[in-house]
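In what follows, a structure is listed as structure tokens, so that the remarks can point back to it.
The numbers here are math on the coordinates, done by the rules we state, and not lab data. Fair warning: this is a prediction, and the values are worked out from it, not measured in the lab. Note: ideal-geometry Cβ built from the backbone for every residue, glycine included; neighbour counts use all protein chains shown.
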Amino acid sequence: MSSFVIIIAVVIVFIFFSGIRIVRPTHRGLIERLGKYRRFAHAGYNWIIPIIDKLYWVNITEIMVDAEPQEIITNDNLNARVDAQVYFKVKDTELDVKSSQYNVNNYRYQIVNLARTTLRNIIGTLTLKSANSERGKINDELQKTLKKETANWGIEIVRTELKEIDPPKDVQETMNKVVKAENEKIAAVDFATATETVADGQRRAEIKKAEGIRQARILEAEGDAQAIKLVNEAADQYFVGNAQLLKRLETVEKALATNAKIVVPQGTELVNVIGELAGVLPLKK
């Protein structure tokens with residue numbers, strides 16, 4: 001009897017520990033009993049009936065899937081190699097976790113194929129040039145479409161990233177040549193503009209220099225005119241009344257220079273005689 005009790009106790013303990021399930025914070029769980037949904041398992045300790053119940057873990061962290069490179073014909077009939085990434089996560093509510101498992105079969109695979117189809121539809125309406133310049137618009141359209149199509153999957157589309165849009169090799173080489181030519185053109189225009197700016201600066205400097213010389217000459221001429229004016233004023237003030245005296249002095253100077261004969265009376269000094277000739281009063285003894 002005691003052995004039977006011990007066996008029963010051991011079986012009970014074994015069943016108890018066998019039914020313990022630990023759910024991490026990064027996951028949620030769905031418990032099914034005999035193939036039918038029973039209840040929702042939150043993070044932490046959960047217990048199920050072994051064999052009868054089964055726990056399915058669902059990751060609720062953000063996941064990235066690659067849409068895989070594919071060839072897409074653009075609106076200008078060029079084959080572009082396109083690749084994109086989709087970031088999503090399962091919402092952590094019971095309804096959303098159930099939807100991710102019961103409303104869609106393998107949501108990762110479905111998202112990849114849906115992203116590839118959506119990219120073909122979007123890029124097929126664009127030229128290769130516009131597709132490269134409107135990556136943000138393509139990302140927005142892709143995310144919008146994925147959100148709409150996965151609305152009942154219990155999934156949140158966090159963001160989408162267009163990894164690459166590569167044209168064919170020959171087209172890429174042609175585009176590189178065009179870009180190079182455009183850059184050379186811009187460089188030539190910049191050089192011409194810089195040269196013109198330097199020339200304009202030199203011209204302005206020469207004008208400033210000529211203006212300075214002209215101003216200096218004007219100031220010099222004004223100074224000379226002022227000096228002449230002062231001389232004339234001095235002459236008017238000091239020599240107008242002595243014009244005859246100046247004339248006599250000049251006459252005496254010429255007479256002495258030509259050795260003219262001058263009769264000097266006896267007993268008269270030569271200096272006084274010359275002074276009388278010039279109209280200057282003789283020296284008094």
Size of electric dipole in the stretch 2-59: Cβ of Lys, Arg +1 and of Asp, Glu -1, about Cα centre, debye, nearest 20: 240 debye
More than 15 angstrom apart: percent of Cα pairs within the stretch 2-59: 53 percent
Links that overshoot a 19 Å alpha carbon limit, given the list Lys54/Lys89; Lys36/Lys89; Lys137/Lys163; Lys54/Lys91; Lys89/Lys148; Lys89/Lys144: Lys54/Lys89; Lys36/Lys89; Lys54/Lys91
Neighbourhood charge, 15 Å Cβ-Cβ cut-off, centred on Arg21 and excluding it, Lys, Arg +1 and Asp, Glu -1: +4
